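Asks: Structure in structure tokens, see below.
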Amino acid sequence: MTFRLSAIDPADHEALFALDDEALQRLGARRCIADREHGFPCRVSLEDAKVGEEVLLLSYEHQPHPPYRASGPIFIRRGAIRRDLPPGVVPPYVTTRLVSMRAYDAVHMLVHAAVHPGDDVARELVHMFGNEAVAYVHLHNARYGCFFCVAERA
């Protein structure tokens, strides 16, 4: 069983970069400049922002389905292009972090959850998708709790 990680679509967020800081604040978002290599993971490009890059920190509803409806903070890099990864590929954006994995079924009920070092994520995704009930898996930063991306069957 193979999987594919999917980035979020930047279309809903691109216009936010044109807003000034005060307007962003009214929306609950914040403009930041990456000040370290490994601390501003972009949910569109599935890679960390480089030092000096502009990012937005905003709330994102990654699970719109009750009863597990959830949102949390994400970073998006200015000008980021949605990354399309080949099946079975887990980028350093994930493999270099401790990852919380939440598997859901077709009616969006939680089936299984686990926490793994990022370099074990590919193996655990194969294991999770070995359960026919699993429709998709959300990956989160286990330390900070923020959503990384979704894994689906490829």
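Where a number appears in this text, it was derived from the coordinates with a stated rule and is not lab data. It should be emphasised that the depicted structure is a prediction, and the values quoted were computed from it without experimental measurement. So basically every Cβ, Gly included, is an ideal-geometry build from the backbone, and we count neighbours across all protein chains shown.
Asks: Can you give me the ranges of the strands (runs of 3 or more DSSP E) entirely in region 1-107 with at least 2 residues that are in contact with a strand residue (DSSP E or B) (Cβ under 7 Å, 6 or more places away or on another chain) and of a type in the set (A, V, I, L, M)?
Replies: Working: elements: 3-6, 30-33, 54-63, 70-77, 98-104.
Once the strands (runs of 3 or more DSSP E) in region 1-107 are filtered for at least 2 residues that are in contact with a strand residue (DSSP E or B) (Cβ under 7 Å, 6 or more places away or on another chain) and of a type in the set (A, V, I, L, M), what remains is 54-63, 70-77, 98-104.
Asks: Follow-up. Consider only pairs whose beta carbons are under 7 Å apart and that are at least six residues apart or on different chains; among these, list those whose first residue lies in region 108-122 and is closer than 22 Å to Val89 by Cβ and whose second residue is basic (Lys, Arg).
Replies: Correct list of pairs: Gly118/Arg97.
Asks: Do we have His13 as touching a Gly at 6+ places or on another chain (Cβ under 8 Å) and buried (at least 17 other Cβ atoms within 10 Å of the Cβ) here?
Replies: Values: touching a Gly at 6+ places or on another chain (Cβ under 8 Å): no; buried (at least 17 other Cβ atoms within 10 Å of the Cβ): yes.
Answer is no for this residue.
Asks: Still on this structure, I have one more. Take the residues of region 20-47 that are in contact with a helix residue (DSSP H, G or I) (Cβ under 9 Å, 6 or more places away or on another chain) and among the aliphatic types (A, V, I, L, M): which is surrounded by the most Cβ atoms within 10 Å (Cβ to Cβ)?
Replies: That would be Leu46.
Asks: Residue under question is Gly39, and the condition is that it be free of Cβ contacts under 8 Å to residues at least 40 places away in the same chain and within 24 Å of Ala122 (Cα to Cα); does it hold? Quick ask: steps written out before the conclusion?
Replies: Values: free of Cβ contacts under 8 Å to residues at least 40 places away in the same chain: yes; within 24 Å of Ala122 (Cα to Cα): yes.
Against the criterion (free of Cβ contacts under 8 Å to residues at least 40 places away in the same chain and within 24 Å of Ala122 (Cα to Cα)), Gly39 qualifies.
Asks: Now for a separate question. For region 79-96, how many residues are surrounded by 15 or more Cβ atoms within 10 Å (Cβ to Cβ) and either of a type in the set (Phe, Trp, Tyr) or in contact with a Phe, Trp or Tyr (Cβ under 8 Å, 6 or more places away or on another chain) (or both)?
Replies: 2
Asks: Testing Ser100 on (1) free of Cβ contacts under 8 Å to residues at least 24 places away in the same chain; (2) under 19 Å from Glu47 (Cα atoms); (3) of a type outside the set (Phe, Trp, Tyr), one condition comes back false. Which one is that?
Replies: (1)
Asks: Right, next: Condition first: out of contact with any Cys (no Cβ under 7 Å at 6 or more places or on another chain), assigned to a strand (DSSP E or B) and free of Cβ contacts under 8 Å to residues at least 24 places away in the same chain. Can you find one or more residues in region 128-147 that meet it? Break it down stepwise before answering.
Replies: Step one: filter region 128-147 for residues out of contact with any Cys (no Cβ under 7 Å at 6 or more places or on another chain), giving 128-138, 141-147.
So of that shortlist, the ones also assigned to a strand (DSSP E or B) come out as 136-138, 141, 147.
Imposing the further condition that a residue be free of Cβ contacts under 8 Å to residues at least 24 places away in the same chain reduces the set to none.
No: region 128-147 contains no residue that is out of contact with any Cys (no Cβ under 7 Å at 6 or more places or on another chain), assigned to a strand (DSSP E or B) and free of Cβ contacts under 8 Å to residues at least 24 places away in the same chain.
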